[in-house]
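The values are calculated or read from the model by the stated rules, or taken from the named source; none is laboratory data. Not measured: the values here are computed from a predicted model. Glycine gets a Cβ as well: all are built from the backbone with ideal geometry, and neighbour counts include every protein chain shown. Side chains included, ligands, DNA and RNA excluded: accessible areas come from the protein's heavy atoms. Shrake-Rupley method; radii C 1.70, N 1.55, O 1.52, S 1.80 Å.
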Amino acid sequence: MKQIITVTLNPAIDMTGDVSQLNIGHVNRVHDDSRRAAGKGINVACVLAQLGAKVHTTGFLGEQNQADFDELFTHYAAKYNLTEHFIRVPGLTRTNVKLAEAHGQVTDINFSGFSVDKAAQQTLLQHLVECANGNTLVIIAGSLPQGIAPAYLSELISQLKQQGATTFVDTSGDALLAAWQAQPEWLKPNQDELAQLLGRQIEPDTIGTETRQLAMTPRQTLIVSAGAAGVYTFGAHGEFHCKPPVVQVHSTVGAGDTLVAGLAWGWLNDLPFEQTLKKAVALSAWAVTQHGVNVPDEMRIQALLANVAVESID
Ligand SMILES: Nc1ncnc2c1ncn2[C@@H]1O[C@H](COP(=O)(O)OP(=O)(O)O)[C@@H](O)[C@H]1O
Ligand SMILES: O=P(O)(O)OC[C@H]1O[C@](O)(COP(=O)(O)O)[C@@H](O)[C@@H]1O
């Protein structure tokens, strides 16, 4: 039976503050706030669990401030089909600050995180190798904490591939470069991350031509997310541009993670790719209408889906 594992090497407590308008260099007053145990792979696991998937989530957690995560995992284990096995490391899991302005723009301040020694890195690698097999999708999502070199990510990808697992990576900077070179089956940069990888600015109408220059194996799928402009896909599943419906933006935090979860849901259920893509885009559009990562009811999903457009890229 197919299974999904999500890996978060650098989780975060997301501290979100709503401000009318952000004034850089001045005092800003927060009129509403929320605090959530998060991080990319954890968010992906939460969305998958809400969709009805059996999901295992792992990675590293700081042992000095685990309470928010323990509460989240206990809640998800009781209500959904989620299991966790995080390697506890010395120090604090970072707190990331998100400032959401009334007009929808979010400023993310993401900190570097705890430091992870080689022994803990080896323990996680071992755990993943033990869990993964030819029926497993392993989603490695987010930045690298201190002490973890991009080469570790390459090592994870290649060891998992040796186990026969399918790998899906969503990361940034040097880690994205290392991941791309290790050729995971799925890679999801956003438009800015793709520009960093290619070393030049990219306009929406040149994403296709730029992306095709990334030499990929025929088995790979590259997903480029571009905010309100939607998603561009290239590779094994064909070339598509999928546009989300117009929605009222509250916070874009978690939109990318929700998109990844929607794509993984399609993999898990062997859904046709265009159907998968549309559902993933509908869910990610919903994600920007609220804080956190919540899956709407089926009626709302259908209403969103009715306004998702997908077209082939020539
Ligand atoms: N303003 C928006 N309106 C509708 N959908 C959006 C909006 N912003 C993001 N999305 C959806 O969420 C997906 C991921 O968002 P994006 O900002 O590109 O990723 P990331 O969060 O990884 O930076 C987009 O491809 C799109 O489907
Ligand atoms: O690991 P990184 O790249 O610093 O990102 C961590 C942040 O990304 C998030 O998972 C949100 O990601 P997306 O907005 O891309 O979905 C936050 O919960 C978290 O603070």
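Within segment 13-38, how many residues are part of a strand (DSSP E or B) and either away from ligand 1 (no atom under 16 Å from the Cβ) or at positive phi (or both)?
10
How many residues does segment 235-263 contain that are away from ligand 2 (no atom under 16 Å from the Cβ) and touching a Leu at 6+ places or on another chain (Cβ under 7 Å)?
Total satisfying the criteria: 4.
Within the group Ala236, Ala226, which residue is farther than 24 Å from Asn307 by Cβ and either among the small types (Gly, Ala, Ser) or near ligand 1 (Cβ under 8 Å from one of its atoms) (or both)?
Only one candidate passes the filter, namely Ala236.
Can you tell me which residue is farthest from ligand 1 (Cβ to nearest atom) among those in segment 150-167 that are open to solvent by 30 Å² or more (accessible area, probe 1.4 Å) and assigned to a helix (DSSP H, G or I)?
Gln162
Among the residues of segment 49-96, count how many are assigned to a strand (DSSP E or B) and either acidic (Asp, Glu) or away from ligand 1 (no atom under 16 Å from the Cβ) (or both).
17
For residues that are more than 20 Å from Cys46 (Cβ to Cβ) and either touching a Pro at 6+ places or on another chain (Cβ under 6 Å) or in contact (Cβ under 8 Å) with a residue 12 or more places away in the chain (or both), tally how many sit in segment 128-160.
Final tally of qualifying residues: 21.
From Asp170, Asp192, grab the single residue that is within 17 Å of the chain's Cα centre (by Cα) and open to solvent by 30 Å² or more (accessible area, probe 1.4 Å).
None of the other options fit; the residue is Asp192.
Pull out all pairs, ordered by first then second residue, where Cβ-Cβ is under 7 Å, the residues are six or more apart or on different chains, the first lies in segment 111-125 and is within 15 Å of Gly62 (Cα to Cα) and in contact (Cβ under 8 Å) with a residue 40 or more places away in the chain, and the second is open to solvent by less than 70 Å² (accessible area, probe 1.4 Å) and of a type in the set (A, V, I, L, M).
Phe114/Val89; Val116/Val89; Val116/Ile148; Ala120/Ile87; Ala120/Val89; Leu124/Ile87
Are there any pairs with C-beta distances below 8 angstrom linking a residue in segment 256-283 that is open to solvent by 30 Å² or more (accessible area, probe 1.4 Å) to a residue that is away from ligand 1 (no atom under 15 Å from the Cβ) and assigned to a helix (DSSP H, G or I), with the two at least 6 apart or on different chains, and if so which?
Trp265/Leu48; Trp265/Leu51; Leu268/Leu48
Exactly one condition in (1) touching a Cys at 6+ places or on another chain (Cβ under 6 Å); (2) modelled with pLDDT under 90 is not met by Gly230; state its number.
(2) is the only condition that Gly230 fails.
Would you point out which residue out of Gly41, Gly52, Gly59 is open to solvent by less than 80 Å² (accessible area, probe 1.4 Å), in contact with a Gly (Cβ under 9 Å, 6 or more places away or on another chain) and on the phi > 0 side of the Ramachandran plot?
Testing whether each residue is open to solvent by less than 80 Å² (accessible area, probe 1.4 Å), in contact with a Gly (Cβ under 9 Å, 6 or more places away or on another chain) and on the phi > 0 side of the Ramachandran plot leaves just Gly59.
Within segment 198-227, track down each residue that is modelled with pLDDT of 90 or more and more than 15 Å from Leu176 (Cβ to Cβ).
Thr221, Ala226, Gly227
Of all the residues that make up segment 290-307, how many are of a type in the set (Val, Ile, Thr) and modelled with pLDDT of 95 or more?
Looking only at that region, the number is 2.
Being part of a helix (DSSP H, G or I), of a type outside the set (A, V, I, L, M), open to solvent by less than 20 Å² (accessible area, probe 1.4 Å) and without any contact (Cβ under 8 Å) to a residue 60 or more places away in the chain is the filter here, so list the residues in segment 201-232 that pass it.
Thr211
Going through segment 284-301 one residue at a time, which ones are within 16 Å of ligand 2 (Cβ to nearest atom), open to solvent by 50 Å² or more (accessible area, probe 1.4 Å) and in a helix (DSSP H, G or I)?
The answer is Trp286, and nothing else.
When only residues in segment 106-149 that are under 13 Å from Ile5 (Cα atoms) and assigned to a strand (DSSP E or B) count, which is nearest to the chain's Cα centre (by Cα)?
Ala141
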